[in-house]
Amino acid sequence: AKADGRGSVRLFEPAMEAEVRRRREVELELSAALENGEIRAYFQPQMGADGTTVVGCEALVRWLHPRRGLVSPGEFIPVAEHSGLITLLDMYVLREACRTARAWPGIKLGVNLSPADFLSHDLAERIAAILAETGFDPSRLEVEITENLLVGNQPEAISILARLRAMGMRIALDDFGSGYSSLGYIRRFRIDSLKIDRSFTQNIGQTDDAPAIIDCVVRLARALGVSVTAEGVETREQLRYLKSVGCHNMQGFLFGPPMPAADFEAFVRRQGSA
Ligand code: C2E
Ligand code: CA
Ligand code: CA
Ligand code: CA
(Lines give C-alpha, C1' and ligand atoms only; values in the text may rest on other atoms or scores of the structure.)
(Ligands and ions follow the chains in the order given, each with its own letter.)
Protein backbone atom coordinates (compact mmCIF):
# COMPACT_ATOMS: atom_id res chain seq x y z
CA ALA A 1 0.00 0.00 0.00
CA LYS A 2 1.12 3.54 -0.50
CA ALA A 3 1.13 6.47 1.87
CA ASP A 4 -0.56 9.64 0.73
CA GLY A 5 1.35 11.84 3.13
CA ARG A 6 -1.58 12.24 5.50
CA GLY A 7 -1.73 8.64 6.57
CA SER A 8 -5.34 8.12 5.58
CA VAL A 9 -4.53 5.15 3.35
CA ARG A 10 -2.54 3.48 6.10
CA LEU A 11 -5.71 2.97 8.10
CA PHE A 12 -6.78 0.36 5.58
CA GLU A 13 -3.56 -1.59 5.60
CA PRO A 14 -4.39 -3.97 8.46
CA ALA A 15 -7.77 -4.71 6.90
CA MET A 16 -6.18 -5.39 3.54
CA GLU A 17 -3.59 -7.64 5.11
CA ALA A 18 -6.33 -9.55 6.90
CA GLU A 19 -8.20 -9.95 3.62
CA VAL A 20 -5.08 -11.22 1.85
CA ARG A 21 -4.46 -13.66 4.70
CA ARG A 22 -8.08 -14.87 4.59
CA ARG A 23 -7.85 -15.44 0.85
CA ARG A 24 -4.61 -17.42 1.26
CA GLU A 25 -6.31 -19.56 3.92
CA VAL A 26 -9.40 -20.25 1.82
CA GLU A 27 -7.15 -21.04 -1.14
CA LEU A 28 -5.14 -23.62 0.80
CA GLU A 29 -8.24 -25.15 2.36
CA LEU A 30 -9.99 -25.28 -0.97
CA SER A 31 -7.23 -27.16 -2.72
CA ALA A 32 -7.27 -29.69 0.12
CA ALA A 33 -11.08 -29.84 -0.07
CA LEU A 34 -10.87 -30.82 -3.75
CA GLU A 35 -8.79 -33.82 -2.73
CA ASN A 36 -10.85 -34.73 0.35
CA GLY A 37 -14.19 -34.98 -1.43
CA GLU A 38 -15.63 -31.96 0.40
CA ILE A 39 -16.66 -30.39 -2.91
CA ARG A 40 -20.05 -31.51 -4.25
CA ALA A 41 -22.32 -30.76 -7.15
CA TYR A 42 -25.89 -29.86 -6.21
CA PHE A 43 -28.63 -29.84 -8.82
CA GLN A 44 -31.39 -27.30 -9.24
CA PRO A 45 -34.38 -28.31 -11.40
CA GLN A 46 -35.23 -26.45 -14.58
CA MET A 47 -38.86 -26.66 -15.65
CA GLY A 48 -40.46 -26.52 -19.07
CA ALA A 49 -42.94 -23.85 -20.18
CA ASP A 50 -45.81 -25.59 -18.34
CA GLY A 51 -44.00 -25.16 -15.04
CA THR A 52 -44.46 -28.84 -14.11
CA THR A 53 -42.15 -30.90 -16.32
CA VAL A 54 -38.50 -31.20 -15.29
CA VAL A 55 -36.49 -30.62 -18.46
CA GLY A 56 -33.06 -30.06 -16.99
CA CYS A 57 -30.92 -29.10 -14.07
CA GLU A 58 -28.11 -26.73 -13.26
CA ALA A 59 -25.10 -28.04 -11.38
CA LEU A 60 -24.11 -25.65 -8.58
CA VAL A 61 -21.04 -26.21 -6.48
CA ARG A 62 -21.20 -26.65 -2.70
CA TRP A 63 -18.42 -27.02 -0.17
CA LEU A 64 -19.27 -29.37 2.67
CA HIS A 65 -16.80 -27.92 5.13
CA PRO A 66 -16.04 -30.14 8.15
CA ARG A 67 -16.36 -27.22 10.59
CA ARG A 68 -18.25 -24.50 8.76
CA GLY A 69 -20.91 -26.75 7.26
CA LEU A 70 -22.39 -26.00 3.85
CA VAL A 71 -20.46 -23.12 2.29
CA SER A 72 -22.02 -21.37 -0.71
CA PRO A 73 -20.09 -20.50 -3.85
CA GLY A 74 -20.34 -16.75 -3.26
CA GLU A 75 -17.73 -17.23 -0.53
CA PHE A 76 -15.12 -19.21 -2.41
CA ILE A 77 -15.64 -18.79 -6.16
CA PRO A 78 -14.10 -15.29 -6.10
CA VAL A 79 -11.10 -16.65 -4.20
CA ALA A 80 -10.77 -19.54 -6.63
CA GLU A 81 -10.97 -17.09 -9.54
CA HIS A 82 -8.13 -15.00 -8.12
CA SER A 83 -5.93 -18.02 -7.57
CA GLY A 84 -5.34 -20.65 -10.18
CA LEU A 85 -7.90 -22.99 -8.63
CA ILE A 86 -11.05 -22.09 -10.53
CA THR A 87 -10.47 -24.33 -13.53
CA LEU A 88 -9.58 -27.28 -11.33
CA LEU A 89 -12.79 -26.64 -9.40
CA ASP A 90 -14.97 -26.20 -12.49
CA MET A 91 -13.59 -29.36 -14.13
CA TYR A 92 -14.20 -31.23 -10.88
CA VAL A 93 -17.83 -30.08 -10.77
CA LEU A 94 -18.27 -30.89 -14.46
CA ARG A 95 -16.94 -34.43 -13.98
CA GLU A 96 -19.06 -34.98 -10.86
CA ALA A 97 -22.18 -33.62 -12.58
CA CYS A 98 -21.70 -35.62 -15.80
CA ARG A 99 -21.04 -38.81 -13.87
CA THR A 100 -24.24 -38.33 -11.89
CA ALA A 101 -26.56 -36.88 -14.54
CA ARG A 102 -25.61 -39.60 -17.01
CA ALA A 103 -28.25 -41.74 -15.28
CA TRP A 104 -30.99 -39.15 -15.92
CA PRO A 105 -32.18 -39.71 -19.49
CA GLY A 106 -33.78 -36.74 -21.23
CA ILE A 107 -32.58 -34.27 -18.62
CA LYS A 108 -30.31 -31.45 -19.78
CA LEU A 109 -27.36 -30.47 -17.65
CA GLY A 110 -26.15 -26.90 -17.20
CA VAL A 111 -22.68 -26.21 -15.81
CA ASN A 112 -21.07 -22.90 -14.98
CA LEU A 113 -17.77 -21.82 -16.47
CA SER A 114 -15.81 -18.85 -15.21
CA PRO A 115 -14.25 -16.36 -17.64
CA ALA A 116 -10.91 -17.38 -16.09
CA ASP A 117 -11.38 -20.95 -17.40
CA PHE A 118 -11.02 -19.61 -20.93
CA LEU A 119 -7.44 -18.62 -20.18
CA SER A 120 -6.63 -22.33 -20.38
CA HIS A 121 -5.90 -22.83 -24.04
CA ASP A 122 -6.82 -26.51 -23.77
CA LEU A 123 -10.20 -25.92 -22.06
CA ALA A 124 -12.18 -27.53 -24.89
CA GLU A 125 -9.91 -30.59 -24.83
CA ARG A 126 -10.22 -30.91 -21.05
CA ILE A 127 -14.01 -30.79 -21.33
CA ALA A 128 -13.95 -33.33 -24.17
CA ALA A 129 -11.83 -35.67 -22.03
CA ILE A 130 -14.33 -35.45 -19.16
CA LEU A 131 -17.24 -36.21 -21.51
CA ALA A 132 -15.37 -39.22 -22.88
CA GLU A 133 -14.42 -40.44 -19.40
CA THR A 134 -17.96 -40.16 -18.02
CA GLY A 135 -19.76 -41.20 -21.23
CA PHE A 136 -21.94 -38.11 -21.05
CA ASP A 137 -23.74 -37.11 -24.27
CA PRO A 138 -22.46 -33.63 -25.23
CA SER A 139 -25.83 -32.67 -26.73
CA ARG A 140 -27.31 -32.81 -23.23
CA LEU A 141 -24.70 -30.42 -21.89
CA GLU A 142 -25.17 -26.67 -21.75
CA VAL A 143 -22.23 -24.55 -20.64
CA GLU A 144 -23.21 -21.32 -18.91
CA ILE A 145 -20.96 -18.36 -19.56
CA THR A 146 -21.28 -14.73 -18.53
CA GLU A 147 -21.05 -11.65 -20.65
CA ASN A 148 -17.77 -10.72 -18.92
CA LEU A 149 -16.23 -13.36 -21.12
CA LEU A 150 -17.62 -11.73 -24.24
CA VAL A 151 -16.93 -8.03 -23.71
CA GLY A 152 -13.23 -8.32 -24.52
CA ASN A 153 -14.03 -10.17 -27.74
CA GLN A 154 -10.90 -12.29 -27.28
CA PRO A 155 -10.22 -14.56 -30.25
CA GLU A 156 -9.09 -17.38 -27.93
CA ALA A 157 -12.43 -17.46 -26.08
CA ILE A 158 -14.32 -17.35 -29.35
CA SER A 159 -12.35 -20.28 -30.71
CA ILE A 160 -12.90 -22.34 -27.54
CA LEU A 161 -16.66 -21.66 -27.70
CA ALA A 162 -16.65 -22.73 -31.35
CA ARG A 163 -14.90 -25.99 -30.44
CA LEU A 164 -17.45 -26.70 -27.68
CA ARG A 165 -20.29 -26.07 -30.12
CA ALA A 166 -18.67 -28.32 -32.69
CA MET A 167 -18.72 -31.12 -30.11
CA GLY A 168 -22.49 -30.67 -29.81
CA MET A 169 -22.73 -28.64 -26.61
CA ARG A 170 -25.06 -25.72 -26.19
CA ILE A 171 -23.89 -22.32 -24.96
CA ALA A 172 -26.05 -20.35 -22.52
CA LEU A 173 -25.54 -16.72 -21.61
CA ASP A 174 -26.01 -16.48 -17.83
CA ASP A 175 -27.32 -13.51 -15.80
CA PHE A 176 -28.65 -11.89 -18.96
CA GLY A 177 -29.54 -8.25 -18.44
CA SER A 178 -27.40 -7.77 -15.34
CA GLY A 179 -24.51 -6.03 -17.08
CA TYR A 180 -23.52 -5.02 -20.56
CA SER A 181 -25.48 -7.82 -22.20
CA SER A 182 -26.22 -6.95 -25.74
CA LEU A 183 -28.37 -8.82 -28.16
CA GLY A 184 -25.45 -8.46 -30.57
CA TYR A 185 -23.57 -11.08 -28.54
CA ILE A 186 -26.21 -13.66 -29.28
CA ARG A 187 -25.40 -13.70 -32.96
CA ARG A 188 -21.71 -12.98 -32.75
CA PHE A 189 -21.03 -15.77 -30.25
CA ARG A 190 -23.79 -18.06 -31.51
CA ILE A 191 -25.48 -18.30 -28.13
CA ASP A 192 -28.14 -21.05 -27.90
CA SER A 193 -29.97 -19.82 -24.84
CA LEU A 194 -30.34 -16.88 -22.49
CA LYS A 195 -30.82 -17.03 -18.75
CA ILE A 196 -32.68 -13.94 -17.65
CA ASP A 197 -31.13 -12.59 -14.48
CA ARG A 198 -33.24 -13.11 -11.39
CA SER A 199 -33.40 -9.36 -10.71
CA PHE A 200 -35.82 -9.10 -13.66
CA THR A 201 -37.91 -12.07 -12.59
CA GLN A 202 -38.16 -10.72 -9.09
CA ASN A 203 -39.34 -7.34 -10.28
CA ILE A 204 -42.42 -8.86 -11.92
CA GLY A 205 -45.33 -7.26 -10.08
CA GLN A 206 -42.95 -4.85 -8.32
CA THR A 207 -41.91 -2.39 -10.99
CA ASP A 208 -43.65 -1.42 -14.20
CA ASP A 209 -40.79 -1.94 -16.63
CA ALA A 210 -39.39 -5.38 -15.65
CA PRO A 211 -42.27 -7.33 -17.24
CA ALA A 212 -42.00 -5.28 -20.44
CA ILE A 213 -38.27 -6.02 -20.63
CA ILE A 214 -38.83 -9.75 -20.14
CA ASP A 215 -41.58 -9.75 -22.76
CA CYS A 216 -39.26 -7.96 -25.17
CA VAL A 217 -36.30 -10.29 -24.51
CA VAL A 218 -38.48 -13.38 -25.03
CA ARG A 219 -39.81 -12.01 -28.34
CA LEU A 220 -36.38 -11.11 -29.64
CA ALA A 221 -34.91 -14.42 -28.49
CA ARG A 222 -37.70 -16.32 -30.23
CA ALA A 223 -37.09 -14.34 -33.41
CA LEU A 224 -33.41 -15.32 -33.24
CA GLY A 225 -34.20 -18.96 -32.47
CA VAL A 226 -32.70 -18.77 -28.99
CA SER A 227 -34.36 -20.29 -25.94
CA VAL A 228 -34.99 -18.35 -22.74
CA THR A 229 -34.78 -19.54 -19.14
CA ALA A 230 -36.04 -17.28 -16.36
CA GLU A 231 -33.96 -17.54 -13.19
CA GLY A 232 -35.08 -16.92 -9.64
CA VAL A 233 -38.77 -17.78 -10.04
CA GLU A 234 -40.21 -17.65 -6.54
CA THR A 235 -43.90 -16.83 -6.85
CA ARG A 236 -47.01 -18.06 -8.69
CA GLU A 237 -47.49 -14.54 -10.01
CA GLN A 238 -44.04 -14.61 -11.66
CA LEU A 239 -44.78 -18.06 -13.08
CA ARG A 240 -48.11 -16.89 -14.48
CA TYR A 241 -46.49 -13.90 -16.17
CA LEU A 242 -43.58 -15.91 -17.59
CA LYS A 243 -45.99 -18.48 -19.02
CA SER A 244 -48.08 -15.71 -20.58
CA VAL A 245 -45.11 -14.28 -22.50
CA GLY A 246 -43.99 -17.72 -23.69
CA CYS A 247 -40.78 -18.12 -21.69
CA HIS A 248 -39.33 -21.56 -22.58
CA ASN A 249 -37.86 -22.66 -19.26
CA MET A 250 -37.99 -21.67 -15.62
CA GLN A 251 -35.78 -22.16 -12.61
CA GLY A 252 -36.22 -21.02 -9.03
CA PHE A 253 -37.17 -21.78 -5.46
CA LEU A 254 -40.86 -22.00 -6.44
CA PHE A 255 -39.99 -25.35 -8.05
CA GLY A 256 -36.99 -26.39 -6.01
CA PRO A 257 -33.64 -25.23 -4.60
CA PRO A 258 -30.28 -26.70 -5.58
CA MET A 259 -30.21 -30.17 -3.96
CA PRO A 260 -28.03 -33.27 -3.66
CA ALA A 261 -28.35 -35.82 -6.48
CA ALA A 262 -30.55 -38.25 -4.53
CA ASP A 263 -33.03 -35.48 -3.67
CA PHE A 264 -33.08 -34.35 -7.29
CA GLU A 265 -33.92 -37.90 -8.39
CA ALA A 266 -36.77 -38.02 -5.87
CA PHE A 267 -37.95 -34.61 -7.11
CA VAL A 268 -38.08 -35.84 -10.71
CA ARG A 269 -39.99 -38.97 -9.66
CA ARG A 270 -42.52 -36.86 -7.72
CA GLN A 271 -43.06 -34.51 -10.68
CA GLY A 272 -43.45 -37.48 -12.99
CA SER A 273 -46.21 -39.07 -10.94
CA ALA A 274 -48.02 -35.79 -10.18
P1 C2E B 1 -25.78 -18.50 -10.99
O2 C2E B 1 -25.05 -19.32 -12.00
O3 C2E B 1 -26.56 -17.35 -11.47
O4 C2E B 1 -26.68 -19.55 -10.21
C5 C2E B 1 -27.96 -19.28 -9.71
C6 C2E B 1 -27.91 -18.89 -8.25
O7 C2E B 1 -29.20 -18.43 -7.85
C8 C2E B 1 -27.59 -20.06 -7.33
O9 C2E B 1 -26.85 -19.54 -6.22
C10 C2E B 1 -28.97 -20.52 -6.88
O11 C2E B 1 -28.97 -21.19 -5.64
C12 C2E B 1 -29.68 -19.19 -6.76
N13 C2E B 1 -31.11 -19.33 -6.92
C14 C2E B 1 -31.80 -20.25 -7.63
N15 C2E B 1 -33.12 -20.04 -7.59
C16 C2E B 1 -33.31 -18.95 -6.80
C17 C2E B 1 -34.47 -18.23 -6.35
O18 C2E B 1 -35.61 -18.56 -6.67
N19 C2E B 1 -34.25 -17.15 -5.57
C20 C2E B 1 -33.00 -16.75 -5.20
N21 C2E B 1 -32.88 -15.69 -4.41
N22 C2E B 1 -31.87 -17.41 -5.61
C23 C2E B 1 -32.03 -18.49 -6.39
P24 C2E B 1 -25.54 -20.27 -5.70
O25 C2E B 1 -25.68 -21.76 -5.82
O26 C2E B 1 -25.21 -19.69 -4.38
O27 C2E B 1 -24.45 -19.83 -6.75
C28 C2E B 1 -24.07 -18.48 -6.87
C29 C2E B 1 -23.19 -18.27 -8.07
O30 C2E B 1 -21.94 -18.93 -7.91
C31 C2E B 1 -23.78 -18.82 -9.36
O32 C2E B 1 -24.74 -17.94 -9.88
C33 C2E B 1 -22.54 -18.91 -10.21
O34 C2E B 1 -22.21 -17.65 -10.75
C35 C2E B 1 -21.49 -19.31 -9.19
N36 C2E B 1 -21.29 -20.77 -9.24
C37 C2E B 1 -21.99 -21.76 -8.65
N38 C2E B 1 -21.46 -22.97 -8.94
C39 C2E B 1 -20.41 -22.74 -9.76
C40 C2E B 1 -19.44 -23.59 -10.40
O41 C2E B 1 -19.44 -24.84 -10.32
N42 C2E B 1 -18.49 -22.95 -11.16
C43 C2E B 1 -18.44 -21.58 -11.30
N44 C2E B 1 -17.47 -21.05 -12.05
N45 C2E B 1 -19.33 -20.78 -10.71
C46 C2E B 1 -20.30 -21.34 -9.95
CA1 CA C 1 -25.51 -20.27 -13.86
CA1 CA D 1 -27.55 -16.77 -13.30
CA1 CA E 1 -23.84 -15.48 -11.63
Check your understanding: Fully extended, how many nm does the chain gain between A49 and R68 (0.36 nm per residue separation, minus their Cα-Cα distance)?
Key -> 3.0 nm
Practice item. Note down the nm distance, to one decimal, between modelled labels 7 Å out along Cα→Cβ at A223 and at R22. Key: 4.6
Check your understanding: Quick one: length gained pulling S159 to T207 fully straight, 0.36 nm per residue minus the C-alpha distance?
Key -> 13.3 nm
**Study point:** Under the span-like rule (Cα at least 18 Å along the axis, Kyte-Doolittle mean at least 0.5), DSSP H helices of the chain
**Key:** 86-101, 209-223
Exercise for review: List every residue whose amide H lies under 5 Å from the amide H of S83, counting only residues 5 or more places away in sequence or on a different chain, with H placed 1.01 Å from N in the peptide plane.
Suggested key: none
Point to revise | For the chain: accessible area per residue (Å², 1.4 Å) | key: 49
Check your understanding: Among the DSSP beta bridges whose two residues both lie in the chain, what percent are antiparallel, rounded to the nearest 5?
Key -> 45
Study note, to complete from the structure: GNM of the chain, Cα pairs under 10 angstrom: of P14, P105, P258, the biggest fluctuation goes to P14
Revision key, fill the gap. The percentage of the accessible area of segment 144-274 (probe 1.4 Å, all protein chains present) made up of carbon and sulfur atoms, to the nearest whole number, is 50
Exercise for review: With label points built 7 Å along Cα→Cβ from the Cα atoms of A103 and S199, find their separation and express it in nm.
Suggested key: 4.0
Exercise for review: Out of all DSSP beta bridges with both ends in segment 38-155, state the antiparallel percent to the nearest 5.
Suggested key: 65
**Study point:** Loop trypsin sites (Lys or Arg not before Pro), segment 25-68, which have at most 11 other Cβ atoms in a 10 Å radius of their Cβ (DSSP)
**Key:** R67, R68
Review point. From the phi of every residue in segment 42-51, what ³J(HN,Hα) in whole Hz does the Karplus formula 6.51 cos²θ - 1.76 cosθ + 1.60 yield, where θ is phi - 60° and glycine or proline is x?
Key: 9, 10, 10, x, 10, 9, x, 4, 6, x
Review point. Out of residues 5 or more away from K108 or on other chains, whose amide H comes under 5 Å of its own, with H placed 1.01 Å from N in the peptide plane?
Key: G56, C57
Revision key, fill the gap. Connecting every pair of Cα atoms under 10 Å apart in the chain and solving the GNM, the largest mean-square fluctuation among N148, N112, N249 falls on N148
Practice item. Among M16, M47, M259, determine the one that fluctuates most according to a GNM of the chain built with springs between C-alpha atoms less than 10 Å apart. Key: M16
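The values are calculated or read from the model by the stated rules, or taken from the named source; none is laboratory data. Just so it is clear, the model here is predicted, and its values are computed rather than measured. Neighbour counts run over all protein chains shown; Cβ positions are idealised from the backbone, glycine included. For the accessible areas, the whole protein counts, side chains as well, though only heavy atoms, and no ligand, DNA or RNA atoms are used. Shrake-Rupley method; radii C 1.70, N 1.55, O 1.52, S 1.80 Å.
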